[in-house]
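First the structure, in the form of structure tokens, and then the observations on it.
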2 protein chains.
Amino acid sequence: MVTIKDIAKQAGVTPSTVSRVLNQSGGYSDKTRQKVLQIAAELHYQKNEAASNLVAQTSNVIGVLITNATTSFAAPIIDGIEDWAYQHGIRILLAHCGLNDAARLKACLDLMAGQKVSGILSISVQFDATNLALLKQLGLPLVSLGVKVDGYPTVAIDDEKAAYTGTKYLLNRGYRRIALAAIDPTDPQTGQARCHGYQRALQKTGLAPLIIPGDYSFQAGYQAAKQLWQAALPPEAIFAASDDAAAGIVFYAQSQGLAVPEQLAVLGFDNSYVADLVYPGLTTVEQPFAQMGQLAIEALVMKTPLPDQVAYQIKERHSVGWR
Amino acid sequence: MVTIKDIAKQAGVTPSTVSRVLNQSGGYSDKTRQKVLQIAAELHYQKNEAASNLVAQTSNVIGVLITNATTSFAAPIIDGIEDWAYQHGIRILLAHCGLNDAARLKACLDLMAGQKVSGILSISVQFDATNLALLKQLGLPLVSLGVKVDGYPTVAIDDEKAAYTGTKYLLNRGYRRIALAAIDPTDPQTGQARCHGYQRALQKTGLAPLIIPGDYSFQAGYQAAKQLWQAALPPEAIFAASDDAAAGIVFYAQSQGLAVPEQLAVLGFDNSYVADLVYPGLTTVEQPFAQMGQLAIEALVMKTPLPDQVAYQIKERHSVGWR
DNA sequence: GCGGTTTCAGCAACCGCTTTCAAAAACATT
DNA sequence: AATGTTTTTGAAAGCGGTTGCTGAAACCGC
């Protein structure tokens, strides 16, 4: 284990000087700088972050909190975060806090505190009151992605408006009986906002809203489609709460020999990975996940202000046609 | 910031004692233990891992090296790792090293060394000679997932055998003209092994192998299908190198109005997330990713021996029929 | 109640790096 | 050449735990 002492000895200076050179904190001559740097390189010096963090009382590590990785949108966000972090010498401590698992979330928070992370990025994590209080007490900066966390900045699209736009898009294309599927209307954030946007778009037309609740999953989409299709008057288009759900709907359609979009149009949400995978490719409301991740980490680390809302747009593929 | 000193003062003992109690390293009475623990809880004591790691010269953090998260199989592996880690008080430092990006891999290794991680888990990361040497020099234990890293334990399925089994499965079902698609035969590990397995299975039958190279991606699958279908004698079945590629093949089939599996059978590889998403559901050679992740981290942390090979199996859905 | 053993707790050094303060060296000014 | 100013370097304390060593206290059998 080579330490700054070793370098100091070889260079004929004191550890203080080595430290100053290595941190570029000024107060050394060009000559010593060169010598120190050279010897450090020769010796393959590797700074002990623990020691450094100890005196700094912080670290260049940020904690990333996710519910779990196997959600279609987590991966691109993580990629976005990671790339930015790499370019800025920031490290990422990953922790899964599960879905609404207060105990595990607390454990994660403790972990972050113990590791003296310099900030936390939470991806779609809902904070209960206790953990929110704990978080406040820790005094760590946090940026939340996708979900509003009281008292902390959030990066998210405007779900209400996005749902409105999506619904409007279907209307403009001539669809009339439009269902909203696989959404959780009890979810105070995303779910409700999207329901509202959907209803607002329909209101003007006098059409009746039709919401099939669900948990955004493939299964939820599949079940919703099944249920809708067995009704007396099936919808012409289904606005899915996620691309996964949209895939479920398409799957159902395929299994019934229904042509998409001719007999049933499907509009997805997310523009995730799966949108390209299913046939036909999903027309979907895009959330720029990677970019959101970058934005979030940048705001967290640089303390730059966050845009109020992230731009979304409709990514057109082939699951919606004209009617 | 509450430290063991604060606890010590309140409890009327010295920091040493507090430390011993907190670490359960023995040498204290039941009375002091209770008092210390109680006060620690009252004060919301949070151990400073940096300080602890400094003296221990190690940490309960393990580094997880991935190329990037947006690969269909990375997520379940990470989930598997994370769950195990959580249960064992291990933390995860995540780093992306890109695909064959030696500079970035080196940066990751440096990072791991600096953070004094207790071990490294690399997921499908190929080590070049220089970085391999660096790794050896660091002296850190490593377990590799999916790819063989010279001198370190690996958890992976037997690709040769798996490909053999998959091909055999198709043969048994009556398919004769079987192509292997979207595979990289120059990849010394996985790719080659699978090609061999495929060829070995065909050899006995006297059938001619037909390999369409590719990079395991959806696009590669799509292109391969296209190419194969435009040939004079299209195959009856395609064995895809990944589920992503299989999805691409199915996508192509759908776009051409080819029924799967009636007109074209598709066998996937991985049993990833997407196998359930496309229609028809993919029959595929399953790799138990989450389990592999757990196995790997367990081997890394507990230094338990690794099974030579992980069990794979064919997960039947509906993209392969009978002929 | 006494020597001997075991248990419990304190002292102090240390992990590797950073940073303040003071001293020394280099340089500039008259 | 003497003084003042700035730059460069060193000494030392400390970040918050951990741990070997030592002494004190508690417990043991006789």
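On the given criteria, is A:E316 open to solvent by 70 Å² or more (accessible area, probe 1.4 Å) and at pLDDT 95 or above? Taking the combined requirement at face value, the residue satisfies it. Candidates in segment A:255-271 are the residues that are more than 11 Å from chain B (Cβ to nearest Cβ) and not in a loop (DSSP other than H, G, I, E, B); of these, the one that is nearest to A:T70 (Cα to Cα) is A:D270.
Are any residues in segment B:50-64 within 8 Å of DNA strand C (Cβ to nearest atom) and among the aliphatic types (A, V, I, L, M), and if so, which ones? Across segment B:50-64, the qualifying residues are B:A51, B:L54, B:V55.
Is it true that some residue in segment A:235-243 is assigned to a helix (DSSP H, G or I), open to solvent by 50 Å² or more (accessible area, probe 1.4 Å), out of contact with any Pro (no Cβ under 7 Å at 6 or more places or on another chain) and assigned by TED's automatic domain parsing to the domain that holds A:R173? No, segment A:235-243 contains no residue that is assigned to a helix (DSSP H, G or I), open to solvent by 50 Å² or more (accessible area, probe 1.4 Å), out of contact with any Pro (no Cβ under 7 Å at 6 or more places or on another chain) and assigned by TED's automatic domain parsing to the domain that holds A:R173.
Annotation: of all residues in segment A:96-108 being within 18 Å of the chain's Cα centre (by Cα) and either at pLDDT 95 or above or not in a strand (DSSP E or B) (or both), the one that is farthest from B:I92 (Cα to Cα) is A:N100.
Just need a number here: residues in segment A:1-28 that are farther than 21 Å from B:Q137 by Cα and part of a helix (DSSP H, G or I).
Count: 13.
Among the residues making up segment A:285-311, a single one is buried (at least 22 other Cβ atoms within 10 Å of the Cβ) and part of a loop (DSSP other than H, G, I, E, B): A:Q287. Hey, could you check segment A:7-28 for residues that are more than 7 Å from DNA strand C (Cβ to nearest atom) and polar (S, T, N, Q) and say which is surrounded by the most Cβ atoms within 10 Å (Cβ to Cβ)? Selected residue: A:T17.
Looking at B:A8, B:A50, B:A69, can you tell me which residue is within 11 Å of DNA strand D (Cβ to nearest atom), out of contact with any Gly (no Cβ under 6 Å at 6 or more places or on another chain) and closer than 17 Å to A:R91 by Cβ? Full working, then the answer.
Numbers: B:A8 fails: closer than 17 Å to A:R91 by Cβ; B:A69 fails: within 11 Å of DNA strand D (Cβ to nearest atom).
One residue alone meets the criteria, B:A50.
A single member of B:K31, B:K47 is within 13 Å of DNA strand C (Cβ to nearest atom) and either at the interface with chain A (Cβ under 7 Å from one of its Cβ atoms) or assigned to a helix (DSSP H, G or I) (or both), and it is B:K31.
If a residue counts only when it is surrounded by 20 or more Cβ atoms within 10 Å (Cβ to Cβ), at pLDDT 95 or above and assigned by TED's automatic domain parsing to the domain that holds B:D79, which strands (runs of 3 or more DSSP E) contained entirely in segment B:109-211 have at least 1 such residues?
On the way: elements: B:119-123, B:142-145, B:178-183.
In segment B:109-211, the matching strands (runs of 3 or more DSSP E) lie at B:119-123, B:142-145.
For A:T130, the test of being farther than 30 Å from A:F269 by Cβ, within 16 Å of DNA strand C (Cβ to nearest atom), more than 18 Å from the chain's Cα centre (by Cα) and touching a residue at least 24 places away in the same chain (Cβ under 8 Å) is failed.
Report whether or not A:V274 is more than 12 Å from chain B (Cβ to nearest Cβ) and buried (at least 24 other Cβ atoms within 10 Å of the Cβ). So A:V274 fails the test.
Tell me the residue from A:I4, A:I66, A:I39, A:I92 that is free of Cβ contacts under 8 Å to residues at least 60 places away in the same chain, crowded, with 20+ Cβ neighbours inside 10 Å and touching a Pro at 6+ places or on another chain (Cβ under 9 Å), please. Working first, answer last.
Values: A:I66 fails: touching a Pro at 6+ places or on another chain (Cβ under 9 Å); A:I39 fails: touching a Pro at 6+ places or on another chain (Cβ under 9 Å); A:I92 fails: touching a Pro at 6+ places or on another chain (Cβ under 9 Å).
Of the residues listed, the single one that is free of Cβ contacts under 8 Å to residues at least 60 places away in the same chain, crowded, with 20+ Cβ neighbours inside 10 Å and touching a Pro at 6+ places or on another chain (Cβ under 9 Å) is A:I4.
Residues that are touching a strand residue (DSSP E or B) at 6+ places or on another chain (Cβ under 6 Å), small (G, A, S) and closer than 22 Å to A:V320 by Cα within segment A:176-206 comprise A:A179, A:A181, A:A182, listed in sequence order.
The values are calculated or read from the model by the stated rules, or taken from the named source; none is laboratory data. If you're wondering where the values come from, they're calculated on a predicted model, not measured in any experiment. Don't worry about glycine lacking a Cβ; one is built from the backbone with ideal geometry, like all the others, and counts go over all protein chains shown. The accessibility values were calculated without ligands, DNA or RNA, using every heavy atom of the protein model including side chains. Shrake-Rupley method; radii C 1.70, N 1.55, O 1.52, S 1.80 Å.
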